[in-house]
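**Student:** Take a look at the following structure, please.
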Amino acid sequence: MSGYVILVDFQVVPGERAAFRRLIDENARESCRTEPGCRRFDVLEPAGEPDRVVLYEIYDDRAAFEAHTRTAHFARFDAASAALVAAKTVTEYALVCEGGA
């Protein structure tokens, strides 16, 4: 099994997690619903860290991820969430073993 994985770690401006979550949840749902190359898009909240949100995304390949970044729903999320994000780290991975497959 191969795939392209993106882990995005957001430090959200204190007190803005609910607003950020509304935006990222819609982006995640729209990505899974409309992008054929988007296999998974999970939104995670680390326990005990109220100002942190982590994304776990799996795409068929890098081209599918790059297509994701050119969608209208991504552009809306990116613009609307910019003021809510204090810091962001993006890490790329190769999916080499999918345990449930």
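The values are calculated or read from the model by the stated rules, or taken from the named source; none is laboratory data. This one's a predicted model, so the numbers in the text were calculated from it and none came from an experiment. Please note: Cβ atoms are built from the backbone with ideal geometry, for glycine as well, and neighbour counts cover all protein chains shown.
**Student:** Are any of the residues in region 68-89 part of a loop (DSSP other than H, G, I, E, B), farther than 16 Å from Leu7 by Cβ and not aromatic (Phe, Trp, Tyr)? Before the answer, list the steps.
**Tutor:** Residues of region 68-89 part of a loop (DSSP other than H, G, I, E, B): 69-71.
Pick out the ones that are also farther than 16 Å from Leu7 by Cβ and you get 70-71.
Adding the requirement that they be not aromatic (Phe, Trp, Tyr) leaves 70-71.
So far as region 68-89 goes, yes, one or more of its residues are part of a loop (DSSP other than H, G, I, E, B), farther than 16 Å from Leu7 by Cβ and not aromatic (Phe, Trp, Tyr).
**Student:** Report, by residue number, each residue of region 1-27 that is acidic (Asp, Glu) and over 20 Å from Ala94 (Cα atoms).
**Tutor:** Here is the first cut: in region 1-27, the ones acidic (Asp, Glu) are 9, 16, 25-26.
Answer for region 1-27, where residues must be acidic (Asp, Glu) and over 20 Å from Ala94 (Cα atoms): Glu16, Asp25, Glu26.
**Student:** So, one more: Considering every residue within region 37-48, establish whether at least one is in contact with a Pro (Cβ under 6 Å, 6 or more places away or on another chain) and touching a residue at least 12 places away in the same chain (Cβ under 8 Å). Don't jump to the end; show me each part of the working.
**Tutor:** The initial filter retains those residues of region 37-48 that are in contact with a Pro (Cβ under 6 Å, 6 or more places away or on another chain), namely none.
Taking every residue of region 37-48 in turn, none turns out to be in contact with a Pro (Cβ under 6 Å, 6 or more places away or on another chain) and touching a residue at least 12 places away in the same chain (Cβ under 8 Å).
**Student:** Within region 5-16, identify whether any single residue is assigned to a loop (DSSP other than H, G, I, E, B) and β-branched (Val, Ile, Thr), and answer yes or no. Walk me through it before giving the result.
**Tutor:** Within region 5-16, the first condition is being assigned to a loop (DSSP other than H, G, I, E, B), and the residues that meet it are 13-16.
From what is left, the residues that are β-branched (Val, Ile, Thr) are 13.
Among the residues of region 5-16, at least one is assigned to a loop (DSSP other than H, G, I, E, B) and β-branched (Val, Ile, Thr), which makes the answer yes.
**Student:** While we're looking at this one, here's another question. Give Glu92, Glu98 a once-over and let me know the one that is under 22 Å from Gln11 (Cα atoms) and surrounded by fewer than 18 Cβ atoms within 10 Å (Cβ to Cβ). Working first, answer last.
**Tutor:** On the way: Glu98 fails: under 22 Å from Gln11 (Cα atoms).
Step by step, each of Glu92, Glu98 is checked, and only Glu92 is under 22 Å from Gln11 (Cα atoms) and surrounded by fewer than 18 Cβ atoms within 10 Å (Cβ to Cβ).
**Student:** Being in a strand (DSSP E or B) and among the hydrophobic types (A, V, I, L, M, F, W, C) is the filter; apply it to region 34-67 and report the residue that is surrounded by the fewest Cβ atoms within 10 Å (Cβ to Cβ). Even if it seems obvious, please write down each step before you answer.
**Tutor:** First, pick out the residues of region 34-67 that are in a strand (DSSP E or B): 38-44, 52-59.
This time we only want the ones that are among the hydrophobic types (A, V, I, L, M, F, W, C), so: 38, 41, 43-44, 53-55, 58.
Values: Cys38: 21, Phe41: 22, Val43: 18, Leu44: 12, Val53: 23, Val54: 15, Leu55: 18, Ile58: 20.
Per the stated criteria, the residue is Leu44.
**Student:** Name the residue, out of Glu66, Glu30, Glu57, that is at pLDDT 95 or above and either over 19 Å from Thr91 (Cα atoms) or among the aliphatic types (A, V, I, L, M) (or both).
**Tutor:** Working: Glu66 fails: either over 19 Å from Thr91 (Cα atoms) or among the aliphatic types (A, V, I, L, M) (or both); Glu57 fails: either over 19 Å from Thr91 (Cα atoms) or among the aliphatic types (A, V, I, L, M) (or both).
Criteria check complete, one pass: Glu30.
**Student:** While we're here: For region 17-33, which residues satisfy the criterion of being of a type in the set (S, T, N, Q) and either part of a loop (DSSP other than H, G, I, E, B) or under 16 Å from Ala80 (Cα atoms) (or both)?
**Tutor:** Within region 17-33, the subset of a type in the set (S, T, N, Q) is 27, 31.
Scanning region 17-33 gives a single hit, Asn27.
**Student:** Oh, and also: Name the single residue, out of those in region 68-89 being crowded, with 16+ Cβ neighbours inside 10 Å and of a type outside the set (A, V, I, L, M), that is nearest to Ala18 (Cα to Cα).
**Tutor:** Ranking the candidates gives Ser81 first.
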